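Undergrad: First the structure, then my questions, so here it is.
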Ligand SMILES: C[S@@+](CC[C@H](N)C(=O)[O-])C[C@H]1O[C@@H](n2cnc3c(N)ncnc32)[C@H](O)[C@@H]1O
C-alpha cells in the first residue's frame, strides 16, 4: 500500500511537471463559466479535484467564506456567486494571488473577494472570523522540503502547512463555523490529518462527499467537514 502511494506521488509529480511547462495564460471552462489560468498556478487542465469541490461546496447566502490556497480562484469566485457576502482568499503563491484577483474581476465579484499573499492565516487580523474555512490541501505527504512553488500546490512536507491550517482554525472560525477540507486518501495520509483534527479539539469530523477520478493513476477525492 505504502509502495503504491509512493508510485502515485511520483505520478502527481509528473503531472505538476506538465503543468509547469505551460508558458502562457489560457482559458478554462468550468461548470459553464470561463476562467483565466496563469501558467505557474495549479491548473484545472491537469487536475480534476477543483471541479469536484466547486460542485460540492454549498455556501449559505450572506456567509463569510475563507479560502486558503485559492490557486486560480475558481472556488472563491463560486462562493461569491453563490451569495457569500465576504470572501477572503490567501495563497502563498504570488501568481495565484494575481490569478484569483483577475478571475474575481472577470466574474464581477471583486468587491466581495479580497485576496492576500501569505502563509495560511498569516495575513488575517486576530479578530477575523468566518462561517466557513476551506482548503483544497496539498495532501501529498513528502519528507523533503526543497520543492518549487508549483509543487507546493500538491505536496506539503511533513504536513507542516496542513498542521497550521488545522491548529489555528479555531482562531478564525465563528461559533458553529465549519472547516472544510479537500483531501485525497489515495495520495494523502488521512490518519495524520485525523490526529491533527482531534488534537485541535475538532469533535465532529464528517465525510461530506467523495469521488473517483484519474490522474496518471486512479485517485479518490474527499470533502470533509470538521466542527469544534
Ligand atoms: C491543491 S491547490 C488548490 C488550488 C485551488 N483551490 C483549486 O482547488 O484549484 C493548493 C493551493 O494551496 C496553495 N498553498 C500551498 N501552501 C500554502 C500555504 N502555506 N499557505 C497558503 N497557500 C498555500 C498553493 O499555492 C495552491 O494554490
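What follows draws every value from the coordinates through simple rules; no lab data is involved. Nothing here was measured: the structure is a model prediction, and the numbers come from that model. FYI the Cβ positions are ideal-geometry reconstructions off the backbone, even for glycines, and counts take in every protein chain you see.
Undergrad: Using a ≥ b ≥ c from the Cα gyration tensor of the stretch 154-221 (square roots of the eigenvalues), is it rounded, prolate or oblate, where a/c under 1.5 gives rounded and otherwise the larger of a/b and b/c decides, a/b for prolate?
TA: Taking the square roots of the gyration eigenvalues as a ≥ b ≥ c, the stretch 154-221 is prolate.
Undergrad: If each residue of separation counts as 0.36 nm, what is the full-extension length gain between residue 144 and residue 55 once their alpha-carbon separation is subtracted?
TA: Extending this stretch completely gives an extra 28.7 nm.
Undergrad: Pick out which of 100, 132, 211 has the largest mean-square fluctuation in a Gaussian network model of the chain, springs linking Cα atoms closer than 10 Å.
TA: Ranking 100, 132, 211 by mean-square fluctuation puts 211 first.
Undergrad: Under the rule a/c < 1.5 gives rounded, and otherwise a/b versus b/c splits prolate from oblate, where does the stretch 109-212 land using the Cα gyration tensor?
TA: Oblate, because a/c is 1.5 or more while a/b does not exceed b/c.
Undergrad: Ignoring everything except DSSP H segments at least 4 long, calculate the 222 nm mean residue ellipticity for the chain; use -39,500 (n - 2.57) per segment, divide by total residues, nearest 500.
TA: Theoretical 222 nm ellipticity from helices: -9000 deg cm²/dmol.
Undergrad: Hey, another quick one. Rounded, prolate or oblate: which fits the stretch 30-176 when a ≥ b ≥ c are the square roots of the eigenvalues of the alpha-carbon gyration tensor, with rounded for a/c under 1.5 and prolate only if a/b beats b/c?
TA: It is oblate, given that a/c is not under 1.5 and a/b is not larger than b/c.
Undergrad: Take the alpha-carbon centre of the stretch 101-156, take the same for the stretch 158-174, and report the distance between them in whole Å.
TA: 12 Å
Undergrad: Give, in nm to one decimal, the length gained when the segment between residue 46 and residue 207 is fully stretched (0.36 nm per residue of separation minus the Cα-Cα distance).
TA: That works out to 55.5 nm of additional length.
Undergrad: Considering the zone a paramagnetic label at residue 85 would reach in this model (a point 7 Å from Cα along the Cα-to-Cβ line), which residues of the stretch 96-120 have amide N under 18 Å from it?
TA: Once the point is set 7 Å along Cα→Cβ of residue 85, 109-114 turn out to lie under 18 Å by backbone N, inside the stretch 96-120.
Undergrad: By how many nm would the segment from residue 175 to residue 21 grow when fully extended, if each residue of separation counts as 0.36 nm and the alpha-carbon distance is taken off?
TA: Result: 51.1 nm gained on full extension.
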